[in-house]
Structures are given as structure tokens and as C-alpha cells.
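Peer 1: Handing you a structure now.
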Amino acid sequence: MPERSDIPLLCGDIAEAVERILRYTSDMTYGEFLADTRTQDAVTRNLEILGEAVKNLPEPFKEM
């Protein structure tokens with residue numbers, strides 16, 4: 001279980017990953033995204049970061 005001081009850091013990691021995903025994809029169509037493997041890789045990496053951060057949150061936070 002993470003320490004209480006880790007929770008804001010984890011939430012920050014989640015917010016940053018979401019912001020990056022949105023920034024990378026906001027001006028793209030779905031077709032453009034499918035054709036751009038570099039953006040796909042960047043989005044995939046940020047989804048991994050997001051998932052790791054969520055996994056490390058205490059259960060009460062996951063239920064929000």
C-alpha cells in the first residue's frame with residue numbers, strides 16, 4: 001500500500017498521462033491515429049503509466 005504522501009504523486013501521474021494522451025490525439029481522426037504508429041506507441045505508453053498509477057492507489061480511491 002502506498003504511503004499517504006504518495007497519493008498526490010500518483011494522482012499527478014494519472015492527470016499527466018491523460019493530458020498527454022489528449023494532447024497527442026486531439027487533432028487526429030481515428031483513421032489518422034491508426035496510421036500513425038508513433039502516436040499509438042506514445043498513447044500506449046501513457047496508458048501503461050496511467051494503469052500503474054491506478055493499480056497503486058488505495059482501494060477507496062479506485063471506487064471514486
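Values in this text are rule-based calculations from the coordinates and carry no lab data. Being a predicted model, the structure only gives us computed values, none of them experimental. Quick reminder, even Gly has a Cβ in these numbers, built from the backbone with ideal geometry, and neighbours come from all protein chains shown.
Peer 1: L57 versus (1) touching a helix residue (DSSP H, G or I) at 6+ places or on another chain (Cβ under 7 Å); (2) in a helix (DSSP H, G or I); (3) not β-branched (V, I, T): which is the lone unmet condition?
Peer 2: In the conditions (1) touching a helix residue (DSSP H, G or I) at 6+ places or on another chain (Cβ under 7 Å); (2) in a helix (DSSP H, G or I); (3) not β-branched (V, I, T), L57 misses (2) alone.
Peer 1: Could you run through the range 36-62 and say how many residues are over 15 Å from L9 (Cα atoms), over 9 Å from the mean Cα position of the chain (by Cα) and surrounded by 13 or more Cβ atoms within 10 Å (Cβ to Cβ)?
Peer 2: 4
Peer 1: Being in a helix (DSSP H, G or I) and in contact (Cβ under 8 Å) with a residue 40 or more places away in the chain, is that true of even one residue in the range 33-47?
Peer 2: So far as the range 33-47 goes, no, none of its residues is in a helix (DSSP H, G or I) and in contact (Cβ under 8 Å) with a residue 40 or more places away in the chain.
Peer 1: With the requirement that a residue be within 17 Å of M64 (Cβ to Cβ), surrounded by fewer than 12 Cβ atoms within 10 Å (Cβ to Cβ) and among the charged types (D, E, K, R), what does the range 1-25 give you?
Peer 2: Across the range 1-25, the qualifying residue is only R4.
Peer 1: Can you find a residue in the range 26-35 that is surrounded by fewer than 11 Cβ atoms within 10 Å (Cβ to Cβ), under 27 Å from F61 (Cα atoms) and not basic (K, R)? It would help to see each step written out before you state the result.
Peer 2: First, the residues of the range 26-35 that are surrounded by fewer than 11 Cβ atoms within 10 Å (Cβ to Cβ): 26-27, 29-31.
Checking which are under 27 Å from F61 (Cα atoms) leaves us with none.
No: the range 26-35 contains no residue that is surrounded by fewer than 11 Cβ atoms within 10 Å (Cβ to Cβ), under 27 Å from F61 (Cα atoms) and not basic (K, R).
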